[in-house]
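Take a look at the structure below.
Please treat every number below as a calculation from the coordinates, not as lab data. What you are looking at is a predicted structure, and each value in this text was computed from that prediction instead of being measured.
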Amino acid sequence: MVNKKAYLRTIEVVIAVLATFMFVVYVMPTYVTGETPAESVDLLISIADNIRDCQNISCVDSAVSSFDPVFVKRYDYIINISSDPNAIVSGLPRKDIYIDSVYIAGNISNYDPKIIKLYYWER
């Protein structure tokens, strides 16, 4: 003898799984917030050839400010030059922070790998 309640419970579980799947696929994407992240500036990639021989932050800072003066007026930023890709930067504000980075292996005569990171946020 077959238990009819077992069939009903199986059908109930299948309907619940389908309803959950439909909710997740069709209803949840409509509740995404209207905020869109700002596009990356990609400033360091544009000036990578100019900052290849920079060994200090002031050199990179002058290259950034001379290449794009509008960037300097719109954003506050911190520059980090390190050979460690996981270097921790202190002094960052509690805002939406964007990061631009470029890896420079060195020049023809000197192999000195370094990562230049530009942390920037809106004023």
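Observations on the structure shown:
- Cα long-axis angle, helix 4-22 against the chain (0 to 90 degrees, to the nearest 10): 30 degrees
- Between helix 57-67 and the chain: long-axis angle, C-alpha atoms, 0 to 90°, nearest 10: 80 degrees
- Listed residues Ile11, Ile81, Ile99, most fluctuating in the chain (Gaussian network, C-alpha, under 10 Å): Ile11
- Entry for Kirkwood radius over Cα pairs in Å (calculated from the structure that is shown) out of (i) 18.8; (ii) 14.5; (iii) 15.0: (i)
- Gaussian network model of the chain, springs between alpha carbon atoms under 10 Å - residue of Asp53, Asp100, Asp112 with greatest fluctuation: Asp112
- Between Ser101, Ser90, Ser65, the Gaussian network model of the chain with springs among Cα atoms under 10 angstrom shows the greatest mean-square fluctuation at Ser90.
- Helix-only CD estimate at 222 nm, as mean residue ellipticity for the chain, using -39500 (n - 2.57) per DSSP H run (n ≥ 4): -9500 deg cm²/dmol
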